[in-house]
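The block underneath contains the structure these notes are about, expressed in structure tokens.
Just so it is clear, none of the values below were taken in a lab; they were calculated from the coordinates. Note that the structure is predicted; figures quoted are calculated from it, not measured. All Cβ positions, even for glycine, are placed from backbone atoms using ideal geometry, and neighbour counts span all protein chains on display.
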2 protein chains.
Amino acid sequence: MVKLVIRIDLGPEDHIGPGKIELLERVAELGSISAAGRSMGMSYRRAWDLIDQINRKFEKPVVAAHTGGKAGGGTKLTKFGEDLVRNYRAIAEKALRSSKANMDAINRSLRKG
Amino acid sequence: MVKLVIRIDLGPEDHIGPGKIELLERVAELGSISAAGRSMGMSYRRAWDLIDQINRKFEKPVVAAHTGGKAGGGTKLTKFGEDLVRNYRAIAEKALRSSKANMDAINRSLRKG
């Protein structure tokens, strides 16, 4: 089964794809970079590096510390981080919808088994 | 300036992206795998490997030998190869069109300089 993947190149060496976007979504959901990374099988260091790669390319950061609450603080997405995820998901969803006939044609040509 | 890149995953290790599609287009244009590869700064071996990666995933090959003519033969795209390029380009073009507002928003957030 073929699968459409959307990548946004930010420069010659930097891009945003499904991996970084999923990581941001898990930070939003789990409230912590280490928990988000762990849920995707990566170290805190690796998860932070990926988020830092995004931060360095934009004027505003995608994550911020938040303090207090039952969990005693953690990390959340900024407004910009939420916008970035939303823009990526909108691009991917529209591309998936408009490519259906072409993707089906490619899929039918795949070698079986 | 951000740039949208479309990748089609054919399996866990195989995908088609702008590089392989450009290579196929250059084979169509130049009538030779070695000339196509050379025009993109890659060896014949590398160009053939990329084409072979595609061929192994589909029921029909994307290139075929053609004999005769002034140049004394060479390589051309098969009907399936042409269809594959056409489907990829159609997907990329529609994605580019439908993503414009979202890509503009991401672009405006990029760090300057």
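Suppose every K and R has +1 on its Cβ and every D and E has -1 on its Cβ; what is the size of the dipole of the protein assembly as shown about the Cα centre, in Debye to the nearest 20? Could you put the intermediate results ahead of the total?
On the way: 42 positive and 26 negative charges, 42 e Å.
Once rounded to the nearest 20, the dipole reads 200 debye.
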**Message:** Quick check for me: using +1 on Lys/Arg Cβ and -1 on Asp/Glu Cβ, what's the dipole size of chain A about its Cα centre, in debye to the nearest 20?
**Reply:** 440
**Prompt:** Using alpha-carbon positions, what is the distance between the centroids of region A:1-53 and region B:1-71, in Å?
**Reply:** 30
**Fill in**
If unit charges are put on Cβ atoms (+1 for Lys and Arg, -1 for Asp and Glu) and the dipole of chain A is taken about its Cα centre, the option from A:5, A:43, A:21 lying farthest towards the positive end turns out to be A:5
**Asked** Which whole-number percentage describes the relative contact order of chain A, with Cα contacts under 8 Å and a sequence gap of 6 or more?
**Response** 25
**Request:** Could you tally up the Lys pairs in chain A with alpha carbons closer than 17 Å? Skip any pair fewer than 8 positions apart unless they're on separate chains.
**Result:** 10
**Fill in**
So, in nm and shortest first, the distances from residue B:44 to its counterparts in the other copies, with label points 7 Å along Cα→Cβ, work out as 5.5
**Item:** For residue B:101, label point 7 Å along C-beta direction: distances to other copies, nm
**Value:** 2.4
**Prompt:** Can you list residues whose amide H is under 5 Å from residue A:63's amide H, if they're 5+ apart or on another chain and H is modeled 1.01 Å from N?
**Reply:** A:78
**Request:** Convert each backbone phi in region A:99-106 into a coupling constant with the Karplus relation 6.51 cos²θ - 1.76 cosθ + 1.60 (shift: θ = phi - 60°), then list the ³J(HN,Hα) values in order as whole Hz, x for Gly and Pro.
**Result:** 9, 3, 5, 5, 5, 4, 4, 5
**Message:** Taking residue B:56 in one copy and the same position in all the others, each labelled 7 Å out along Cα→Cβ, what are the pairwise distances from the first, in nm, shortest first?
**Reply:** 3.4
**Prompt:** To the nearest 10 degrees, how steep is helix B:18-30 against the longest Cα principal axis of chain B, on a 0 to 90 scale?
**Reply:** 40
**Request:** Could you work out which residue, out of B:51, B:33, B:91, moves most in a Gaussian network model of chain B, that is, has the largest mean-square fluctuation with Cα springs under 10 Å?
**Result:** B:91
**Item:** Minimum Cβ-to-axis distance in chain B for the rotation onto chain A, with residue, whole Å
**Value:** B:95, 2
**Complete:** Amide H contacts under 5 Å for residue B:15, restricted to residues at least 5 apart in sequence or on another chain and with H modeled in the peptide plane, are B:10
**Prompt:** Hey, what's the Cα Rg ratio for region A:1-59 versus the globular rule of thumb, 2.2 N^0.38 Å?
**Reply:** 1.17
**Fill in**
Out of B:82, B:22, B:93, a Gaussian network model of chain B with alpha-carbon springs under 10 Å gives the largest mean-square fluctuation to B:93
**Principal axis dimensions, largest first and in whole angstrom, of chain A by Cα** = 54, 32, 25
